[in-house]
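Notes to accompany the following structure.
The values are calculated or read from the model by the stated rules, or taken from the named source; none is laboratory data. Remember, predicted model here, so these are calculated numbers, not experimental data. Note: ideal-geometry Cβ built from the backbone for every residue, glycine included; neighbour counts use all protein chains shown. Accessible surface is based on the protein model in full, side chains and every heavy atom, while ligands, DNA and RNA are left aside. Shrake-Rupley method; radii C 1.70, N 1.55, O 1.52, S 1.80 Å.
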Amino acid sequence: MTGSRPRVRAVISDLDGVVYFGRDPIATAVGAIQGWQARGIGVAFVTNNSSRSATAVAEKLAGLGVVVDPFHVLTAGEALATHIAVNFTSPRVFAIGEPVLYEALECAGAMLVADEDAEIVALGMDRDLSYRKLDIAVRALLGGARLIVTNPDLLTPADGGFSPCVGAIMALMTATVPRAPVTVIGKPEPGMMREAMRRLGVAADEVVMVGDQVATDVAAGRAAGIRSFLVATGIPLASQGELGGQSVIDSLHDLPID
Ligand SMILES: [Mg+2]
């Protein structure tokens, strides 16, 4: 047993740009995932998207032909709520996000407030973002609140192009209040990867990670000690700067699962 790697028992995959692009499935991905599942390979999905619950993501995937238990879908919004439940007791939270984030925070025991008297500013994707919300958040941070962010992505695929994402809103807040303490929950932080491995019941050397972004997906996989692959079906590689020698696969069919 020198130098040989354990058999791959599971795959952890990103979603947007890997399994679908917005509403449209990536056909090669659906076929590849069905093939893994037929061979008994475990599959978990880890997404920085905080606009849908795990259950809603699983329903969307089922509609595309990928059947997965919501337990094996991890979203940054739900991970943020879990982080708050584990680390705080009934904190006052000013949240910027979409309804599913508010629901998850309430389930986590957070007291949602609508003014600057908050201990935590929880930030997720909010397509109804207003100056009013930014103003309350910045005032809370100036008052000493901690900023907890679902994900640092600057761009997200939308409507055939790319739209500003949570990282862009976070950049406004950290530029305005540079001393605010910040916690990032989603990729490239390794927490969601570790939770995915726990749910799959596999060790880091028994799983591979695949995503379409070096700075989030591959970085999170590496941080969790997982062999990670970049797939060229999503965010254009040319827009990602230095790939750091990362090996690129054309489709999920090329993921090396022996
Ligand atoms: Mg992606």
Determine whether Ala215 is touching a residue at least 12 places away in the same chain (Cβ under 8 Å), surrounded by 14 or more Cβ atoms within 10 Å (Cβ to Cβ) and not in a strand (DSSP E or B). yes
Before we move on, is Ala56 part of a helix (DSSP H, G or I) and open to solvent by less than 20 Å² (accessible area, probe 1.4 Å)? no
If you take the residues in segment 1-59 that are among the polar types (S, T, N, Q) and more than 17 Å from Glu98 (Cβ to Cβ), which one is nearest to the ligand (Cβ to nearest atom)? Ser13
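Which members of segment 137-186 meet the condition of being of a type in the set (Lys, Arg) and under 14 Å from Ala95 (Cα atoms)? Lay out the reasoning, then the answer.
The initial filter retains those residues of segment 137-186 that are of a type in the set (Lys, Arg), namely 139, 146, 179.
Listed by number, the residues that qualify are Arg139, Arg146.
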How many residues, within segment 37-53, are hydrophobic (A, V, I, L, M, F, W, C) and assigned to a loop (DSSP other than H, G, I, E, B)? 1
Selection status of Met170, within 15 Å of the ligand (Cβ to nearest atom) and aliphatic (A, V, I, L, M): no
Counted residues in segment 1-30 being touching a residue at least 40 places away in the same chain (Cβ under 8 Å), closer than 30 Å to Gly160 by Cα and exposed (fewer than 14 other Cβ atoms within 10 Å of the Cβ) come to 1
Can you tell me which residues in segment 137-164 are under 20 Å from Ala104 (Cβ atoms) and of a type in the set (A, V, I, L, M, F, W, C)? Ala137, Ala140, Ala145, Leu147, Ile148, Val149
Where the second residue is part of a helix (DSSP H, G or I) and the first is of a type in the set (Ser, Thr, Tyr) and lies in segment 62-80, which pairs have Cβ atoms under 8 Å and are six or more apart or on separate chains? Thr75/Ala54; Thr75/Val57
Just name the residue that is farthest from the chain's Cα centre (by Cα) out of those in segment 1-52 that are within 17 Å of Val202 (Cβ to Cβ) and aromatic (Phe, Trp, Tyr). Trp36
Can you list residue pairs whose Cβ atoms sit under 9 Å apart, with the first residue in segment 182-211 being at pLDDT 95 or above and the second being aromatic (Phe, Trp, Tyr) and open to solvent by 30 Å² or more (accessible area, probe 1.4 Å)? Count only pairs 6 or more apart in sequence or on different chains. Arg199/Phe71
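Among the residues of segment 221-239, count how many are more than 11 Å from the ligand (Cβ to nearest atom) and open to solvent by less than 40 Å² (accessible area, probe 1.4 Å).
5
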When you look at Ala62, is it within 21 Å of Glu78 (Cα to Cα), more than 16 Å from the ligand (Cβ to nearest atom) and either out of contact with any Lys or Arg (no Cβ under 6 Å at 6 or more places or on another chain) or modelled with pLDDT of 95 or more (or both), yes or no? yes
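Anything in segment 218-243 that is in a helix (DSSP H, G or I), hydrophobic (A, V, I, L, M, F, W, C) and free of Cβ contacts under 8 Å to residues at least 60 places away in the same chain? List them, or say none. Give the steps one after another, and end with the answer.
First, pick out the residues of segment 218-243 that are in a helix (DSSP H, G or I): 218-223, 237-240.
Subset that is hydrophobic (A, V, I, L, M, F, W, C): 218-220, 223, 237-238.
Selection gives Val218, Ala219, Ala223, Leu237, Ala238.
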Can you pull out every residue in segment 1-18 that is under 14 Å from Ala232 (Cβ atoms) and either at pLDDT below 90 or not acidic (Asp, Glu) (or both)? Gly17, Val18
Give the residues of segment 138-156 that are within 18 Å of Thr183 (Cβ to Cβ) and touching a Phe, Trp or Tyr at 6+ places or on another chain (Cβ under 6 Å), sorted by residue number. Ala140
